[in-house]
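The values are calculated or read from the model by the stated rules, or taken from the named source; none is laboratory data. None of these values were measured; they are calculated from a predicted model. Neighbour counts are summed over all protein chains in view; Cβ atoms, including those assigned to glycine, are modelled from backbone coordinates with ideal geometry. Only protein heavy atoms, including side chains, enter the accessible area calculation; ligands, DNA and RNA are left aside. Shrake-Rupley method; radii C 1.70, N 1.55, O 1.52, S 1.80 Å.
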Amino acid sequence: MDTPFSARRRVAAAALAATAVLTVAAPSAFADSTPSKTPRTTAKAPTTDGAKSVCKRAPKVAARLDRSLDRLNGGVNTVGSVARLQQRVDNAKKEGHPAIETYLNDKLTYRKGLVTTLQQRQKDLKDVTAWCEANNNGTK
C-alpha cells in the first residue's frame, strides 16, 4: 500500500542524494580550474613617502586618538576604560575567581600599555601636523 507519506520520503531521499552528489562533485570541479589571471605576489616600490596622504588623514587620526584616549582614561562607568577593567579585576579577586582574575589582569596590562602607545602616537602626530603646515600639506 502506497501512502502519500512514503512518497514524501522518497522525494526527500532523492533531494538529499542530489545534494550529496553536488557537494562532493562541486569542489573538485572548482579545484581543477586555473585562475585566468595570476595573483600579484609583489607590489611596485613606493616612489614617495606618502606625505600628502598622511597630512590629509592627520585630523581624522588625531580625532580617533582623542576619542580612544578619552575612553581609556574614563571612569569606572565608561565602557572600555582602564578604571572599569581594574574594577572587574578587583571584583574577580574579591569573589575568588583566580582564572577570571588572571585573564582580566592580562587584558588590563595590555590596555595600560595601549594608553602609553596612543599618547606617544598623539605626540608624534603633533609633530607631523606641524611639519604638514610648514610644508604645504606635503605637496612641497
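Descriptive notes on the structure:
- For LEU118, the criteria (1) closer than 16 Å to LYS60 by Cα; (2) touching a residue at least 60 places away in the same chain (Cβ under 8 Å); (3) touching a Ser or Thr at 6+ places or on another chain (Cβ under 9 Å) hold in every case but one, which is (2).
- Selection from segment 71-88 of residues that are outside any loop (DSSP other than H, G, I, E, B) and within 13 Å of ARG111 (Cα to Cα): ARG71, LEU72, VAL82, ALA83, ARG84, LEU85, GLN86
- Subset tally (residues that are surrounded by 14 or more Cβ atoms within 10 Å (Cβ to Cβ), β-branched (Val, Ile, Thr) and within 29 Å of ARG84 (Cα to Cα)) for segment 116-135: 0
- Single unsatisfied condition, ALA58 versus (1) open to solvent by less than 70 Å² (accessible area, probe 1.4 Å); (2) part of a loop (DSSP other than H, G, I, E, B): (2)
- Residue check, GLU133 assigned to a helix (DSSP H, G or I), among the charged types (D, E, K, R) and farther than 27 Å from LYS60 by Cβ: no
- Within segment 91-114, considering residues that are touching a residue at least 24 places away in the same chain (Cβ under 8 Å) and loosely packed, with under 15 Cβ neighbours inside 10 Å, the one farthest from the chain's Cα centre (by Cα): LYS112
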